[in-house]
1. Sort out which residues of segment 1-24 are loosely packed, with under 15 Cβ neighbours inside 10 Å and basic (Lys, Arg), and write them in order of number.
2. Among (1) hydroxyl-bearing (Ser, Thr, Tyr); (2) under 29 Å from residue 281 (Cβ atoms); (3) surrounded by 18 or more Cβ atoms within 10 Å (Cβ to Cβ); (4) out of contact with any helix residue (DSSP H, G or I) (no Cβ under 7 Å at 6 or more places or on another chain), which single condition is residue 213 missing?
3. For segment 487-535, enumerate the residues that are surrounded by 12 or more Cβ atoms within 10 Å (Cβ to Cβ), of a type in the set (A, V, I, L, M, F, W, C) and more than 30 Å from residue 247 (Cβ to Cβ).
4. Among the residues of segment 402-409, is any open to solvent by 20 Å² or more (accessible area, probe 1.4 Å), hydrophobic (A, V, I, L, M, F, W, C) and part of a loop (DSSP other than H, G, I, E, B)?
5. So, in segment 73-87, of the ones that are touching a strand residue (DSSP E or B) at 6+ places or on another chain (Cβ under 9 Å) and in a helix (DSSP H, G or I), which residue ends up farthest from residue 41 (Cα to Cα)?
6. Quick one: is residue 27 assigned to a helix (DSSP H, G or I), at pLDDT 95 or above and crowded, with 22+ Cβ neighbours inside 10 Å?
7. Being farther than 24 Å from residue 348 by Cα and in contact with a strand residue (DSSP E or B) (Cβ under 9 Å, 6 or more places away or on another chain), is that true of even one residue in segment 466-486?
Amino acid sequence: MRTSKAAEIEIISGLFLSAAEQMRRTLVRTAFNAVIYEVLDFGISIADANGRMVAEAAGITSFIGANDYGLRKLIESGMAATWKSGDVVMLNTPYWSSAHTSDALLVSPIFLDGSDKADMFICVRAHWLDIGAKDAGYVLDSIDVHQEGLLMPGVRVIKEGTLDPDIWAILETNSRLPDAIRGDFNAQVACLRTGDKAIREIYAKFGKERVLTAIDAYIEHSAQKTREALAKLPKGTWTAEEWLDDDGVTGDPIRMFCTVTITEDRFLVDFAGSSPQVAGPVNNPLGATMTMAKTYFKFLTSPDTPSNHGCYAALEVVAPEGSFFNAVYPAASYVGWGRMVAFEMIAQALAPVIPWIPAQSGGDEPGFMAVGKHHQTGKTFVISNNEGIGWGATFAHDGANALQHPSTSTVRNTPIEVLERQSNLFHERLELVENSGGRGQFRGGVGVRRDVRMVGDTEILSMKKKTKTGNWALNGGEPSPLKNHMILWPGEARQLKVGMYRKTLRTGEMFANYAAGGGGWGDPAKRDPKAHEYDLRNGYVTEDGKIEALAELDDYGVRTIGMENEARSRD
């Protein structure tokens with residue numbers, strides 16, 4: 001077999017990355033719902049005949065390497081061997097797809113030169129607004145995967161280029177928003193067709209032998225560079241423990257535990273010691289756990305290079321079957337907030353020996369969703385917003401303010417203009433929370449406050465699962481004094497402080513959403529006075545150091561029913 005020159009390998013690698021990016025742009029420009037085109041809640045990848053990831057495009061960070069797990073399951077099952085040119089296959093069963101049921105993974109094979117076996121696979125997963133779960137929006141208290149929506153276990157929705165009308169009728173009939181899922185499905189199919197065209201052009205230009213040789217070469221190059229980075233990390237075994245509020249069904253906190261072992265050629269993350277799988281929907285199938293660990297491993301070893309199969313060859317992830325991080329059928333798993341906390345639990349284990357790891361961020365993603373009938377059009381809407389949090393400080397600088405959680409750092413919040421146009425939300429306040437960053441020689445980033453009034457009756461879903469325990473700081477720094485939470489009816493005698501919770505608010509009623517700051521680094525007494533003056537001028541801190549939100553709770557009193565043992569309340 002011919003050996004490609006280095007320049008040709010780089011060109012072919014770049015062309016596959018370009019193909020993935022073309023797929024990404026097609027999806028963003030044609031998607032129907034804002035979760036895809038604004039928030040960027042999707043994952044796109046290209047794989048070879050063996051399911052090895054060749055290239056991917058930036059979507060949600062926690063989807064790094066997610067598609068290959070589902071694709072590998074489809075290949076191992078023998079299903080992929082039955083596919084034909086022009087097929088589009090849909091997979092959303094959580095135990096294979098590495099995500100919850102609303103993340104529809106579409107896969108299409110590419111056959112070259114009359115081959116009877118697929119030469120490449122192209123994949124796109126994206127969040128659909130409704131696929132027939134027991135509740136609209138997010139499912140916060142399911143106890144069985146069958147309450148979380150219609151399951152598609154690798155079904156050919158398009159067969160040899162033609163949409164199967166019977167299967168599509170099932171999909172539409174099971175959705176509260178058939179127009180939305182039709183639009184997003186079509187956008188994903190357009191994305192796949194864009195990738196198919198671009199990949200065929202690569203093979204036409206260089207020929208199959210040269211392309212496959214180049215793929216092998218740059219995957220091995222990525223593996224080698226990752227091994228070199230791994231060799232520079234400290235060697236040993238470290239542990240960390242974290243807690244999730246509850247499972248949405250009981251009020252019991254959930255223990256998460258990991259053991260991280262680094263050797264010369266392996267990076268092992270073992271989740272033994274964590275809780276068994278629980279009743280509610282916060283469980284994590286193994287593929288989702290592996291994807292989360294991949295994301296952190298990529299940050300440690302090759303954060304500045306494109307992602308492909310070789311980047312993860314040295315990573316091993318272990319979790320006992322039937323545990324919180326390897327949940328099995330029929331475990332509910334719709335709410336993936338535990339993975340965000342576990343992402344930084346790996347960091348917590350390594351922080352004592354890797355000095356450039358930052359303190360913990362605000363903890364998880366404290367966003368919200370809104371579901372209802374639009375006050376002007378009468379149409380059903382489902383819309384969400386990912387809220388920014390403060391990031392943790394490092395030995396060299398303060399934490400960043402009001403960014404997405406590190407495990408989802410490539411996604412965006414939903415613009416106010418989109419939220420207000422598409423739903424019954426009217427913003428009265430959106431601001432940084434003074435003094436919410438953990439104190440230290442370097443300060444944690446500050447969080448966000450958002451006050452929203454209803455202009456029509458709306459069901460609000462408060463989305464956060466780390467509200468009872470604070471974040472961790474480093475080297476004598478302090479955690480954020482603010483925890484993620486939402487206040488319903490703020491300033492009223494009935495105001496209610498909640499974590500993950502759903503409640504119908506009537507026209508004119510309000511909620512206030514609070515996102516925590518990041519942890520501090522180092523002794524606060526060693527902070528540079530000029531840095532403190534800068535913070536004062538820019539409103540990141542005040543002289544009295546108080547947080548208005550906490551003072552308001554003291555003034556009015558607060559009930560915390562939703563944060564103790566309820567994930568659900570309906571009028």
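The values are calculated or read from the model by the stated rules, or taken from the named source; none is laboratory data. Not measured: the values here are computed from a predicted model. Cβ coordinates were reconstructed from backbone atoms using ideal geometry, including for glycine residues, and neighbour counts include every protein chain displayed. Note: areas computed on protein heavy atoms with side chains; ligands, DNA, RNA excluded. Shrake-Rupley method; radii C 1.70, N 1.55, O 1.52, S 1.80 Å.
1. If the condition is that a residue be loosely packed, with under 15 Cβ neighbours inside 10 Å and basic (Lys, Arg), then 2, 5 are the ones that fit.
2. Exception for residue 213: condition (2).
3. If the condition is that a residue be surrounded by 12 or more Cβ atoms within 10 Å (Cβ to Cβ), of a type in the set (A, V, I, L, M, F, W, C) and more than 30 Å from residue 247 (Cβ to Cβ), then 521, 531 are the ones that fit.
4. Yes, that holds for at least one residue.
5. For segment 73-87, the residue satisfying everything is 82.
6. yes
7. The answer is yes; a qualifying residue exists.
Quick grid of which residues meet (1) over 26 Å from residue 338 (Cα atoms); (2) out of contact with any Ser or Thr (no Cβ under 8 Å at 6 or more places or on another chain):
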{"residue": "376", "(1), (2)": "yes, yes"}
{"residue": "381", "(1), (2)": "yes, no"}
{"residue": "387", "(1), (2)": "no, yes"}
{"residue": "413", "(1), (2)": "no, yes"}
{"residue": "429", "(1), (2)": "yes, yes"}
{"residue": "440", "(1), (2)": "yes, yes"}
{"residue": "446", "(1), (2)": "no, no"}
{"residue": "475", "(1), (2)": "no, yes"}
